[in-house]
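Some notes on the structure that comes next.
Read-outs: derived from the displayed coordinates by stated rules, not from any lab. Please read these numbers as outputs of a predicted model, since none were measured by experiment. Positions of Cβ are generated from backbone atoms using ideal geometry, with glycine treated the same way; all protein chains shown enter the neighbour counts.
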Amino acid sequence: GPDGIRRRYRILTCPLSHPDDRLHLSESLCLIRSQMEAFFVQAVSSEGGKEKRNDNKDGDDDKSGNLGRVGLRCVHCFGQSRSSQPAFGSAPLVLVSRNNAATYPKSIKLVPRCVRNWRRLHLARCPNVPPDVKARLESLKSGGGDVDGGDGMRRKSGRESSKYWEQQCRRMGMVDTAPAGKGEE
């Protein structure tokens, strides 16, 4: 790197699912959330063996604008690379997902929408999702045992569910750092 500084990345992950999900969300949503994880990528520079955190505010390394943001991603797509690479390393870093395996909500309130979009755009098409998970999702979608009538998205009132999603995001340590924009990325 420039001036003898070596740029590396630390990837912090946390399952999106929580044991309390089943008390507040449909079986479909519980299953969907168990297929995702929240992640945060932090740039770390090392000079002479000393680590120095770099929030990359100038954005040199990150043309996507996603470095330092919380994202949500498919555990099956990224789990494969995680088993062969350490969470801290200098391996190539992909912050933009070409197959919709990762999404970056602009605010905590947009996490449920991002999850719904991820389900529609990625989960059904993902070649890494085990067949039994896909079969169970299809069964729930067609009304096979889900309390929500098969749409996979409702069990409690929208307001109650939204409140739960927000509480769980905050429990994981997520915070909104800028005014929420419209939509998601």
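Along Cα→Cβ, 7 Å out, is where each label goes; now give me the distance between the ones at Arg170 and Lys141 in nm to one decimal.
3.4
What distance in nm separates the simple spin-label points at Arg120 and Arg10, each placed 7 Å from Cα in the Cβ direction?
3.7
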